[in-house]
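Here is the structure we will look at, set down as structure tokens.
The values are calculated or read from the model by the stated rules, or taken from the named source; none is laboratory data. Because the structure is predicted, anything quoted here is derived from the model rather than measured. Glycine also receives a Cβ, built like all others from the backbone with ideal geometry; neighbour counts cover every protein chain displayed. Keep in mind that these areas ignore ligands, DNA and RNA; they rest on the heavy atoms of the full protein, side chains included. Shrake-Rupley method; radii C 1.70, N 1.55, O 1.52, S 1.80 Å.
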Amino acid sequence: MPIARLGAASAVAALFLPATPAAAADPNCSVGGFTARSQADLAKIAVLDPGPLAPGLPALADVRLAVARGTADSSAKPHKTVATARYADARVLGIPAGDATVEHRAPGRSGPAGVDLADVDAGGLATAKLGTAKAAATWDDAYLCGKTGPLTRTATMLGGLSVLEGNAAVPGIQAINDITHSARRTSLLRVGPTGSTQSATDLVRMRDGRIGVRSGAGVALGDLSLFAGTPQEISIKVVTQPTLEVTAGGDRASSKVDYRPAVLEVTAGGKKVSTLRKAGAHLSLSLLGRMSEAEPEALAVRLSLGRVRHEFRGRQVGAEASTLRVEAKIGGVHLLDVALGHLSVAACAPAPVRGRSVAHQPV
């Protein structure tokens with residue numbers, strides 16, 4: 001099922017299909033080698049550095065949360081497809097890998113894998129609420145004889161994400177009223193109450209009868225807010241969820257990239273200020289905040305819809321896009337730089353194989 005056709009409410013359930021029993025390989029037919037990769041990250045934090053507001057606090061960099069990834073390689077051994085759903089980057093957040101990742105490989109005897117996930121607290125800098133992760137990989141040797149069907153399905157769902165909300169060890173951020181100068185504790189950025197990522201890879205039949213490789217990724221973002229619950233709150237309502245899909249058909253003419261950017265409604269101070277609907281659209285706003293009892297600082301906030309970047313090279317096609325980039329700066333220093341709904345997909349069509357026939361199998 002193409003990722004673009006999945007509704008946000010049923011995305012996780014719709015991704016999982018029963019594994020297809022492997023058929024005996026036929027040495028007299030082959031569609032040639034092919035590969036696929038798809039990945040969706042709910043949040044890709046390039047930098048989260050509270051230092052400008054609270055010197056001495058640690059920083060996070062290159063952190064991914066709620067990762068849904070699938071890979072396929074027809075020449076790999078012993079597993080040709082691998083589906084991985086990951087809650088967070090365990091190396092950075094200090095979570096045991098077994099509690100943060102679920103993986104399914106095919107061919108294999110086990111069925112789709114899933115796990116319930118506990119809350120994650122990255123030292124008070126970022127907090128992810130409990131969720132679920134599921135992964136399903138499929139392989140059928142008939143795929144090498146022209147059969148089409150699913151390769152991988154992955155999904156990760158979180159019960160929300162907050163940035164700089166604070167805990168017992170780390171002070172939360174405070175919004176400062178620029179008229180009364182009163183302070184109110186809040187979070188810098190909040191996503192939710194829910195958010196999920198999905199990825200899928202498939203073998204598909206092209207119009208000319210050849211076998212193509214499709215790779216898709218999508219996210220279902222809940223509403224977003226900066227300085228939630230304060231007079232300075234910036235609210236972002238997701239009107240349309242984004243999807244990214246590529247299909248490799250063997251040459252440039254039959255390959256394609258399909259990117260559907262999100263449509264976002266932005267409200268500041270209770271008033272609608274803009275609707276972001278075109279890739280590359282952006283909006284700049286200002287806030288006033290501090291950590292603990294430090295002096296208030298002016299925060300420059302920039303919201304921008306990501307542009308799709310794609311590349312065609314022979315039998316290969318790849319693309320990457322971010323749903324929304326949120327930047328918060330103090331002067332020229334980044335306090336926060338995060339891509340929400342980061343999507344990355346690639347596919348390589350089967351290589352022509354001389355001297356062998358392709359027996360077209362039923363889908």
Per residue of region 216-232, what does 6.51 cos²θ - 1.76 cosθ + 1.60 with θ = phi - 60° give for ³J(HN,Hα)? Whole Hz please, x for Gly and Pro, Karplus curve as stated. x, 8, x, 10, 10, 8, x, 5, 10, 8, 10, 6, 4, x, 10, x, 8
Mean projected area (nm²) from the convex hull of Cα positions in region 155-288 is 10.9 nm²
Tally Lys/Arg at +1 and Asp/Glu at -1 over every other residue whose Cβ is under 12 Å from the Cβ of residue 263; what's the total? +3
With region 226-269 reduced to its Cα atoms and the Debye formula applied, log10 I(q)/I(0) at q = 0.16, 0.26, 0.30 1/Å amounts to -0.58, -0.86, -0.95
Given the Cα-Cα distance of residue 109 and residue 130 and 0.36 nm per residue of separation, how much length would full extension add, in nm? 4.7 nm
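Using 0.36 nm per residue of separation minus the Cα-Cα distance, give me the extension gain between residue 116 and residue 334 in nm, one decimal.
75.1 nm
Tell me the per residue accessible area of region 29-158 using a 1.4 Å probe; a whole number in Å² is fine.
Computed with neighbouring chains in place, this is 37 Å² per residue.
Any chance you could run the full-extension gain for residue 286 through residue 207? It's 0.36 nm times the residue separation minus the Cα-Cα distance, nm to one decimal.
Full-extension gain reported as 23.3 nm.
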Give me the percent relative contact order of region 175-305, please, defined on Cα pairs under 8 angstrom at least 6 residues apart. 19 percent
Please list 334-346, 247-259, 282-294 highest first by mean number of surrounding beta-carbon atoms within 10 Å per residue. 334-346, 247-259, 282-294
Considering only protein heavy atoms, what per residue accessible area in square angstrom results for region 247-343 with a 1.4 angstrom probe? 48 Å²
Arranged from highest to lowest average of other beta-carbon atoms within 10 Å per residue, in what order do the peptides 100-108, 138-146, 58-66 appear? 138-146, 100-108, 58-66
If you roll a 1.4 Å probe over region 102-144 with all protein chains in place, what percent of the accessible area is carbon or sulfur? 50 percent
Counting pairs of Cα atoms in region 262-328, how many percent are more than 21 Å apart? 44 percent
Keeping all protein chains in place, calculate the accessible area per residue for region 175-217 (probe 1.4 angstrom), answer in Å². 44 Å²
Once amide H atoms are placed 1.01 Å from N in the peptide plane, what residues at a sequence separation of 5 or more from residue 130, or on another chain, have their amide H within under 5 Å of its amide H? 119, 159
In whole Å, what are the extents of region 222-348 along the principal axes defined by its C-alpha atoms, from largest to smallest? 60, 28, 19
With only Lys, Arg, Asp and Glu charged, each at its Cβ (+1 for the first two, -1 for the last two), find how big the charge dipole of region 46-161 is about the Cα centre; round to the nearest 20 debye. 440 debye
